[in-house]
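What follows is a set of notes on a single structure, which appears directly below.
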Amino acid sequence: MKRIAIIGGGVSGLSAAYALQKQLNKAGDLDYVLCEAGPRFGGVIHTERVGDFVIEAGPDSFLTEKPWAAELCRELGLGGQLIASNDAERRTYILLRGQLVPFPDGLMFMVPTDLAATFISPLFSWRTKLRMIREWFYRPSPDAPESTVAEFVERHYGREMVERVADPMLAGIYGGGADELSASSVLARFVEIEAKQGSLGRAMVASRKLQTTPARPLFTTLKNGMQTITDAMLAQIPESARRMNTAIEALMPESGKWLVVGNGRTEEFDAVIVATPAHSAAQLLRDYVPQVSSELNQISYGSSVTVALAYHEKTRASLSLPAGFGFLVPRTENQRILACTFVHNKF
């Protein structure tokens, strides 16, 4: 019987354990343990209830166009919990010189598909607007070099598009800036368009014309919070396979097996799934798989704090918040806040 150790009890580790449990239920030819260094499973996915409020300490939703999370929810019996974002109210703002400026209609990430709306928007200078016209004549670039998101966006639309759209949008999602993120990883679809068709704007307008079904909501969440997903997966994993407060100190390959050292004991496994942050994985693999450890150490992480504020309905009405999902803050504004979500409008 094959023994497998899963190191890290966040959503990745839980997903691996859930998949192994399904395999075990079918064939019964394996055994596994799920090790988590902390006092709870679920990682950054964490939902708190305060009175009638559902407060997300981590992510508040997932992208609808990526179907795997919704499929997992239905498999776990959570289909009735799924809630789509209120896209009739979908509008995002950029904080620009102290004022909230709405994204123009038709802006798909940084690609303008409604030039008229973009041209009357105060979000962009005339120089950038002229770049948008010129971008329609951008030729295919099958041999374009590996680029950061900033380099990719800048060669199509200029630096202002990076600073006012791409960078704040990605900082709100990844916590990192456009100068640090790989275009092929973050913007794979746009990189493919550049290679085959050239102009992003021309390709996206053509794609919208071919679309025959109504656009799906941008985000999906669960009525009782995102932690419902990790809790449901955890419920499928036997208590005997769960190990909380179990910090793994070392991984050592030996005779085709792995020795896993943690909490003062060493155990032998046929395989190990490392589902920790990259810097933690690098530490575990440092002595015995140095090349992988070195590559993992090169992945940088951002740090952020999520603050949830709740107001009485009358107080909220007096604040005169605009309709929409919230706003993003470019780094050029020199503020510490990255983004703000109006949850009462978003869902």
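The values are calculated or read from the model by the stated rules, or taken from the named source; none is laboratory data. The model shown is predicted, which means the values in this text are computed figures rather than measured ones. Neighbour counts run over all protein chains shown; Cβ positions are idealised from the backbone, glycine included. Just the protein is used for accessible areas: all its heavy atoms, side chains included, with ligands, DNA and RNA removed. Shrake-Rupley method; radii C 1.70, N 1.55, O 1.52, S 1.80 Å.
Evaluation of G172 against the conditions (1) over 24 Å from L328 (Cβ atoms); (2) assigned to a helix (DSSP H, G or I) shows that the sole unmet condition is (1). Considering L78, L100, L95, L123, which residue is within 18 Å of K346 (Cα to Cα), in contact with a strand residue (DSSP E or B) (Cβ under 9 Å, 6 or more places away or on another chain) and not aromatic (F, W, Y)? Only one candidate passes the filter, namely L100. Among the residues of the stretch 23-50, the ones that are among the basic types (K, R) and without any contact (Cβ under 8 Å) to a residue 40 or more places away in the chain come to 1 in all. The residues of the stretch 330-347 that are open to solvent by 60 Å² or more (accessible area, probe 1.4 Å), closer than 16 Å to M169 by Cα and outside any helix (DSSP H, G or I), listed by number, are N334, Q335, R336, I337, L338, T341. Screening the stretch 74-88 for residues that are polar (S, T, N, Q) and in a loop (DSSP other than H, G, I, E, B) and picking the one that is nearest to T220 (Cα to Cα) gives S85.
Considering the stretch 51-73 alone, what residues qualify as being in a strand (DSSP E or B) and not hydrophobic (A, V, I, L, M, F, W, C)? Listed by number, the list holds a single entry, E56. For the residues G302, G326, the requirement of being surrounded by 14 or more Cβ atoms within 10 Å (Cβ to Cβ), within 20 Å of the chain's Cα centre (by Cα) and not hydroxyl-bearing (S, T, Y) singles out G326.
Listed here are the residues, each with its yes/no results for (1) of a type in the set (G, A, S); (2) part of a strand (DSSP E or B).
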position: T266; (1), (2): no, yes
position: Q291; (1), (2): no, no
position: E295; (1), (2): no, no
position: G302; (1), (2): yes, no
position: T306; (1), (2): no, no
position: Y311; (1), (2): no, no
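The residues of the stretch 89-118 that are open to solvent by 50 Å² or more (accessible area, probe 1.4 Å), modelled with pLDDT under 90 and not in a loop (DSSP other than H, G, I, E, B), listed by number, are E89, M108, L115, A116.
Of all residues in the stretch 2-46, exactly one satisfies the criterion of being basic (K, R) and in a loop (DSSP other than H, G, I, E, B), namely R40. If you check A308, A275, A271 for being surrounded by 13 or more Cβ atoms within 10 Å (Cβ to Cβ) and farther than 25 Å from I6 by Cβ, only one passes: A308.
Against the test of being of a type in the set (S, T, N, Q), closer than 25 Å to A188 by Cβ and touching a helix residue (DSSP H, G or I) at 6+ places or on another chain (Cβ under 7 Å), the options T47, T92, T118 yield a single qualifying residue, T118. Residues that are in contact (Cβ under 8 Å) with a residue 24 or more places away in the chain, open to solvent by 40 Å² or more (accessible area, probe 1.4 Å), farther than 20 Å from M204 by Cα and not in a helix (DSSP H, G or I) within the stretch 126-152 comprise just one, E146. Of all residues in the stretch 180-201, those satisfying the criterion of being free of Cβ contacts under 8 Å to residues at least 12 places away in the same chain and within 26 Å of A116 (Cα to Cα) are R189, I193.
Any residue at all in the stretch 182-192 that is over 27 Å from E48 (Cα atoms), buried (at least 18 other Cβ atoms within 10 Å of the Cβ), of a type outside the set (A, V, I, L, M, F, W, C) and out of contact with any strand residue (DSSP E or B) (no Cβ under 7 Å at 6 or more places or on another chain)? The answer is no, given that none of the residues of the stretch 182-192 is over 27 Å from E48 (Cα atoms), buried (at least 18 other Cβ atoms within 10 Å of the Cβ), of a type outside the set (A, V, I, L, M, F, W, C) and out of contact with any strand residue (DSSP E or B) (no Cβ under 7 Å at 6 or more places or on another chain).
Of the residues that make up the stretch 52-70, is at least one within 22 Å of C340 (Cβ to Cβ), β-branched (V, I, T) and open to solvent by 40 Å² or more (accessible area, probe 1.4 Å)? Yes, there is a match, as at least one residue in the stretch 52-70 is within 22 Å of C340 (Cβ to Cβ), β-branched (V, I, T) and open to solvent by 40 Å² or more (accessible area, probe 1.4 Å). Out of curiosity, is A232 without any contact (Cβ under 8 Å) to a residue 40 or more places away in the chain, outside any strand (DSSP E or B) and either more than 27 Å from V149 (Cα to Cα) or more than 21 Å from the chain's Cα centre (by Cα) (or both)? Here the answer is no, as A232 does not meet what is asked.
When A282 is tested against the conditions (1) assigned to a helix (DSSP H, G or I); (2) open to solvent by 60 Å² or more (accessible area, probe 1.4 Å), the lone failure is (2).
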